[in-house]
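Structure, as structure tokens:
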Amino acid sequence: MASLPPVAPPIPTPTPRPGSSLIAPSNDQVVVIYVILAMAVIIFGFWNVPIVRNIITPLKLFTIGLHELCHIAAAVLSGGRILRITIDPHIGGATIVEGGHPAFILSAGYIGSTLFGALFVLAGWSTLVAKVMSFVLGIGLIMPLALVRDKLTIILTIFYEALLIGFWFIDHAQALRWYCLFIGVMSVFFVVWDVADDRFFHKTNDSDATQFSILFPRLGPHVWAALWILFEIIVLVGFTLLGIYAFKQTKEEMDAQAAAFLPT
């Protein structure tokens, strides 16, 4: 009687490590968290230090323009009429509106900047997200030039556009992740830069925190600034946890996923 072939023992099902969870970051994801913190410090320096701050003028224009676009959208949705728009890194941004719902229009700026920035932050966790958001950035960098005639700003904008295109072809577009993440951190913390411009440089256009204190005088501008910064931090933490949970991928898996969208 022929003997039966040996049967391999069943493979035990791995059990999760004690304390591990779906929101526990991998080693690569921990790096992204550290980079976010480092970028926040770097942007604060570049935004406020004289001369050096001119280097990121096109990126500032994009961030300011996105912020003002949210004011504009809220004004139109609430029945207001746009009288004047200013997008300038030296005097700040401003949207002058007639009619509409003042509280809704004013809130839309910080809320919109934070949420759009959070979408860019997700690019730090996924090359696919970075590729998608790079189209928004590419268009957004050019649009403020309709209001700008400074030659240095135009040259720097061309440089940042070229950098954006070039990053598509570096290491399967991995470099795009960090570019979009930088923009995301800049936009998420717009309240910090806006208040710093108002406080330290006394720009012609007040910060939205100051405008809130005028609209609702029971709270001072510093209190409004603190509340909006807290809102930004909560949103950033929320999207960071979302990125950790949704994009647990190795570099090879990210490359394969992004290549299915547009190969590089």
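The values are calculated or read from the model by the stated rules, or taken from the named source; none is laboratory data. Because the structure is a prediction, the values reported are computed rather than measured. Ideal geometry is used to build each Cβ from the backbone, glycine not excepted, and the neighbour counts take in all protein chains shown.
General remarks:
- Exactly one residue out of 152, 141 is within 20 Å of the chain's Cα centre (by Cα) and either surrounded by 15 or more Cβ atoms within 10 Å (Cβ to Cβ) or part of a helix (DSSP H, G or I) (or both), and it is 141.
- Single unsatisfied condition, residue 92 versus (1) of a type outside the set (S, T, N, Q); (2) touching an Asp or Glu at 6+ places or on another chain (Cβ under 9 Å); (3) over 23 Å from residue 237 (Cα atoms); (4) modelled with pLDDT of 90 or more: (4)
Every residue, every condition in (1) within 30 Å of residue 29 (Cα to Cα); (2) out of contact with any Ser or Thr (no Cβ under 9 Å at 6 or more places or on another chain), yes or no:
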{"site": "47", "(1), (2)": "yes, yes"}
{"site": "54", "(1), (2)": "no, no"}
{"site": "58", "(1), (2)": "yes, no"}
{"site": "63", "(1), (2)": "yes, no"}
{"site": "93", "(1), (2)": "no, no"}
{"site": "100", "(1), (2)": "no, no"}
{"site": "107", "(1), (2)": "no, yes"}
{"site": "120", "(1), (2)": "yes, no"}
{"site": "126", "(1), (2)": "yes, yes"}
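- Filtered residues of the range 82-105 (kept if surrounded by fewer than 21 Cβ atoms within 10 Å (Cβ to Cβ) and part of a helix (DSSP H, G or I)): 102, 103, 104
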